[in-house]
Amino acid sequence: MKLISFELNGVPSYGAVVGTDKVVDLTPLFGARAADLKALIAQNLVAEASQAAAKATAFLALDDLNLLPVIPNPGQIFCIGLNYGEHVRETGKQVTESPVIFIRVNDSQVAHNQDIVRPPESHRLDYEGEIAIVIGKGGRRISEADSWDHIAGYACYNDGSIRDWQVATSQWAPGKNFWRTGGFGPWMVTSDEIAPNQNMRLTTRLNGQVMQEATTDMMLHSIPRQIAYISTFIPLQPGDVIVTGTPGGVGNKREPQVFMKPGDVVEIEVDAVGILRNGIRDEVINA
């Protein structure tokens, strides 16, 4: 099942995508128990929602909806850095025994078909295609063996980065958290449709040209390792997001360098999930 968050007539809602172009609005059915998609996951209502969507006879048109980031209000967004060998090599870094982790904030994200925003402070806006996992069942010190049971689903992610702000100090957070620079969508495919340890292909395209391509078996730190490691130092909660790392081919390390600019279109495709598509525009500064 594909689950989305969206606005309908300016009101936040969530639903299930049926086929390629229809959506079952789940808020009228589950809103009293779960106000949003994160709450639906936390209340363990995903299976019931799937049954309800299968019986539905009333639909919204997907193209008519203003999508939101898959989980608009995650409590925590953990991002894994330097998790593919080619990317480690192109950055000149070293493989680390433990995963490299940084944090993103909610306001740094946009949804599918929304524009990623290039700030006036820097035009070194780079793409990073990634696979995001959404936590379904929370926990502390989750073992790698049990980790698959804690995943609600998978989504596409663009960890858009302002490169000079990222490397200005040893801390990456500023370059990873400019307003509306990261894409998250278009939906979450529930974990019952993607087998544990299923090999997924990740592709990044800029204006139709393939810039990055890798498979999940190329990760240096597997998804179970990421969940186990993060849950050691902090409890994971339903709706938390882990962004699992980008492969080689980032624009900053190309010769010549390639940065995203207004009018560009960037697509992140995960074969088991779908395609996240975002345009690029400059931020409008009000006088």
In region 258-287, anything touching a residue at least 24 places away in the same chain (Cβ under 8 Å), under 15 Å from Leu206 (Cα atoms) and not β-branched (Val, Ile, Thr) is listed as Phe259, Met260, Lys261, Pro262, Asp264, Glu267, Glu269, Leu276, Arg277, Asn278, Gly279, Arg281
Identify, from the list Asp107, Asp63, the residue that is in a helix (DSSP H, G or I) and more than 17 Å from the chain's Cα centre (by Cα). Asp63
Checklist (1) over 18 Å from the mean Cα position of the chain (by Cα); (2) of a type outside the set (D, E, K, R); (3) in a strand (DSSP E or B) applied to Ala152, failing item: (1)
Test: residue in region 75-82 that is crowded, with 18+ Cβ neighbours inside 10 Å, within 24 Å of Trp172 (Cβ to Cβ) and in contact with a His (Cβ under 8 Å, 6 or more places away or on another chain): yes
Selection within region 31-42 - crowded, with 21+ Cβ neighbours inside 10 Å and not charged (D, E, K, R): Ala34, Leu37, Leu40, Ile41
Which condition number does Asp21 fail, the rest of (1) more than 22 Å from the chain's Cα centre (by Cα); (2) farther than 23 Å from Gln76 by Cα being met? (1)
Does at least one position in region 1-17 carry a residue that is modelled with pLDDT of 95 or more, crowded, with 17+ Cβ neighbours inside 10 Å and outside any strand (DSSP E or B)? yes
Among the residues of region 43-58, how many are surrounded by fewer than 17 Cβ atoms within 10 Å (Cβ to Cβ), of a type outside the set (Gly, Ala, Ser) and closer than 23 Å to Gly274 by Cα? 1
Residues of region 87-100 being touching a residue at least 24 places away in the same chain (Cβ under 8 Å) and crowded, with 16+ Cβ neighbours inside 10 Å, which ones? His87, Val88, Glu90, Pro99
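The values are calculated or read from the model by the stated rules, or taken from the named source; none is laboratory data. The shown structure was predicted, so the numbers you read here are calculated from the model rather than taken from an experiment. Quick reminder, even Gly has a Cβ in these numbers, built from the backbone with ideal geometry, and neighbours come from all protein chains shown.
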